[in-house]
2 protein chains.
Amino acid sequence: MCQLLAMNCNTPTDICFSFDGFAQRGGLTDEHSDGWGISFFEESACRSFHDTLPAIESPIAQLVKNYPIKSLNVIAHIRQANIGAVELKNTQPYLRELWGQQWVYAHNGDLWGYKFSGGVPTQPIGDSDSEMAFCDLLNRFRELSPTHEPELKSIYDCLKSFCEEAAKFGTFNLVLSNGKYIFAHCTTHLCYIIRQAPFSEAHLSDKDLSINFSAVTTKKDRVAIIATEPLTDNEEWTQFEKGQLLVFKDGKVLDLE
Amino acid sequence: MCQLLAMNCNTPTDICFSFDGFAQRGGLTDEHSDGWGISFFEESACRSFHDTLPAIESPIAQLVKNYPIKSLNVIAHIRQANIGAVELKNTQPYLRELWGQQWVYAHNGDLWGYKFSGGVPTQPIGDSDSEMAFCDLLNRFRELSPTHEPELKSIYDCLKSFCEEAAKFGTFNLVLSNGKYIFAHCTTHLCYIIRQAPFSEAHLSDKDLSINFSAVTTKKDRVAIIATEPLTDNEEWTQFEKGQLLVFKDGKVLDLE
């Protein structure tokens, strides 16, 4: 099983604390040692780092842990390879441009027997089930609107229906972003926390490290963190329901049903 | 003016030596301090690093100088912003998937008055003339073949004709790769060198640093380096002719005319 991490905020925030705990799962506190990646949005563009080395050994992960890149939307992934070899082309998050926006996607789970539809224009570069589903999804989005971003509700409905179809092949926990929203879908394991004033101290589950958020935030800040498993052991995380699709913006869950 | 660097080899090679000299131009030996980026191919996927900081100050550039990522095809860019703000979305190289391959592109020069054709599916994320031309080029390639990579000669002819059109708007020095070839087009400044046995010592132009390539290569290795200006001061670089488009594979220039 792979591990997912996403962050959505109302003010540019660095992910160093959460990523530090998360990266431990890439070979130390968990067995996900088949590469990792992270994408930081800056408006509709993004800056990505990928490595096929385990996160705990990767010099690039070391840089990310120590270099505070501030962003409103971040997606990270640690891989345990089941379908597709340990190669860069199968290392998530995957990225594609659609509607003049970068779209970033990370998937946890196996879609056994999933076949790429053969659609165009978006095609897989690697050979993982995860990327095939991503390409099909973006081609589906493009059918909805070939040139520009449609209403959020249309994207939501299209994604929800796609998730239901994909989940027939297995586990389809995913985080997806275009730099405006984080979309998060759960079939088995996904949880989130929203941190806002009054901020308190948080302690990592995967490493003996604490941070006092009240010292590094303002009263207006709001940050949503989404992860496969809770990243801290002294805060209350909300579990997603099975089949639930949530959309986060400005550190809040939007109501789209 | 921006600065371009590309490498094409017959055996996976790191670019640390060339990039070390090249990065000096990002704010130290030259005035190109509006961000930089580099993409390393591993088969048809690639690993990219971008930063809006000047290359000489960037912690990411420091990582790239010290972390020997071996690749057959590399493209790097240092920006001096003329058209488009200093933001990540305008930081090259630009990347897009086409035919199930990653395509990477970096452009030096200004295309005054260039307008994006409005074509689909590939659309600009930022607002630079360089990215608009890249998107038009990929949509042109897709008209040539919607689903799969066509014969090299067709790509070459399409690219040559596109370069002639784009050059009417100004300077169109570019390097482009899909992980198999480096395509390089010159309207004003571009040069290359092919290093092969017997290897000798090279000394950087932008920094007092030498390397004895014979100590780190085998007799079979062949490496082509393409750059805006020669990177070393004790080797003979070949200047491109104006309007020339060359294709490099396995560290050699292919004959396609």
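The values are calculated or read from the model by the stated rules, or taken from the named source; none is laboratory data. Worth saying up front: this structure is predicted, and the values here are computed from it rather than measured. Virtual Cβ from ideal backbone geometry, glycine too; neighbours counted across all protein chains shown. The area values use the complete protein model at the heavy-atom level, side chains included, leaving out ligands, DNA and RNA. Shrake-Rupley method; radii C 1.70, N 1.55, O 1.52, S 1.80 Å.
A:ASP51 passes every criterion in (1) more than 9 Å from every other protein chain (Cβ to nearest Cβ); (2) open to solvent by less than 10 Å² (accessible area, probe 1.4 Å); (3) in contact with a helix residue (DSSP H, G or I) (Cβ under 6 Å, 6 or more places away or on another chain) apart from (1). Evaluating B:PRO198 against the criteria (1) at negative phi; (2) surrounded by 13 or more Cβ atoms within 10 Å (Cβ to Cβ) leaves one unmet condition, (2). Taking segment A:33-48 as the range and being at the interface with chain B (Cβ under 7 Å from one of its Cβ atoms), part of a loop (DSSP other than H, G, I, E, B) and among the hydroxyl-bearing types (Ser, Thr, Tyr) as the test, only A:SER44 passes.
Those residues that are touching a residue at least 60 places away in the same chain (Cβ under 8 Å) and touching a Phe, Trp or Tyr at 6+ places or on another chain (Cβ under 7 Å), I need them from segment B:48-92; list them, please. Residues satisfying the conditions are B:SER71, B:LEU72, B:ASN73, B:VAL74, B:ALA76, B:HIS77, B:ILE78, B:ARG79.
Being out of contact with any Asp or Glu (no Cβ under 9 Å at 6 or more places or on another chain), assigned to a strand (DSSP E or B) and closer than 25 Å to A:ALA85 by Cα is a description that does not apply to B:CYS9. One residue is enough: does segment B:176-187 have a residue meeting the conditions open to solvent by 50 Å² or more (accessible area, probe 1.4 Å), more than 14 Å from chain A (Cβ to nearest Cβ) and touching a strand residue (DSSP E or B) at 6+ places or on another chain (Cβ under 8 Å)? No, there is no match, as no residue in segment B:176-187 is open to solvent by 50 Å² or more (accessible area, probe 1.4 Å), more than 14 Å from chain A (Cβ to nearest Cβ) and touching a strand residue (DSSP E or B) at 6+ places or on another chain (Cβ under 8 Å). Of the residues making up segment B:47-56, those that are at pLDDT 90 or above and farther than 15 Å from A:ILE69 by Cα are B:ARG47, B:SER48.
Taken together, the criteria place A:PRO124 among residues that are at the interface with chain B (Cβ under 8 Å from one of its Cβ atoms), open to solvent by 10 Å² or more (accessible area, probe 1.4 Å) and under 18 Å from A:GLY170 (Cβ atoms).
Exactly one residue out of A:SER71, A:SER33 is hydroxyl-bearing (Ser, Thr, Tyr) and within 23 Å of A:ARG96 (Cα to Cα), and it is A:SER71.
Every residue in segment A:143-166 that is free of Cβ contacts under 8 Å to residues at least 60 places away in the same chain and open to solvent by less than 30 Å² (accessible area, probe 1.4 Å), please. Those that are free of Cβ contacts under 8 Å to residues at least 60 places away in the same chain and open to solvent by less than 30 Å² (accessible area, probe 1.4 Å): A:SER145, A:PRO150, A:ILE155, A:CYS158, A:PHE162, A:ALA166. Restricting to segment A:66-76, name every residue that is within 20 Å of A:GLY27 (Cβ to Cβ) and surrounded by fewer than 17 Cβ atoms within 10 Å (Cβ to Cβ). Once the filter is applied, which keeps residues that are within 20 Å of A:GLY27 (Cβ to Cβ) and surrounded by fewer than 17 Cβ atoms within 10 Å (Cβ to Cβ), segment A:66-76 yields only A:ASN66. Exactly one residue among B:ARG79, B:ARG140, B:ARG96 is of a type in the set (D, E, K, R), under 26 Å from A:PRO124 (Cα atoms), more than 10 Å from chain A (Cβ to nearest Cβ) and buried (at least 16 other Cβ atoms within 10 Å of the Cβ), and that residue is B:ARG140.
Please go through segment A:7-32 and give me each residue that is within 14 Å of chain B (Cβ to nearest Cβ) and among the charged types (D, E, K, R), ordered by number. Before you say what the answer is, go through the steps one by one.
Filtering segment A:7-32 down to residues within 14 Å of chain B (Cβ to nearest Cβ) leaves A:12, A:14, A:16.
Within segment A:7-32, just A:ASP14 meets the criteria.
Of a type outside the set (Ser, Thr, Tyr), farther than 22 Å from A:GLN102 by Cβ and either modelled with pLDDT of 90 or more or out of contact with any Lys or Arg (no Cβ under 9 Å at 6 or more places or on another chain) (or both): does that describe A:ASP14? Lay out the reasoning, then the answer.
On the way: of a type outside the set (Ser, Thr, Tyr): yes; farther than 22 Å from A:GLN102 by Cβ: no; either modelled with pLDDT of 90 or more or out of contact with any Lys or Arg (no Cβ under 9 Å at 6 or more places or on another chain) (or both): yes.
Answer is no for this residue.
In the set B:PHE213, B:PHE172, only one residue is open to solvent by 20 Å² or more (accessible area, probe 1.4 Å) and within 22 Å of B:THR238 (Cα to Cα); that residue is B:PHE213. For the criterion of being more than 14 Å from A:SER39 (Cα to Cα), open to solvent by 10 Å² or more (accessible area, probe 1.4 Å) and away from chain B (no Cβ under 12 Å), A:LYS115 passes. Reported count of residues in segment A:245-257, each being under 18 Å from A:LEU5 (Cβ atoms) and assigned to a loop (DSSP other than H, G, I, E, B), is 1.
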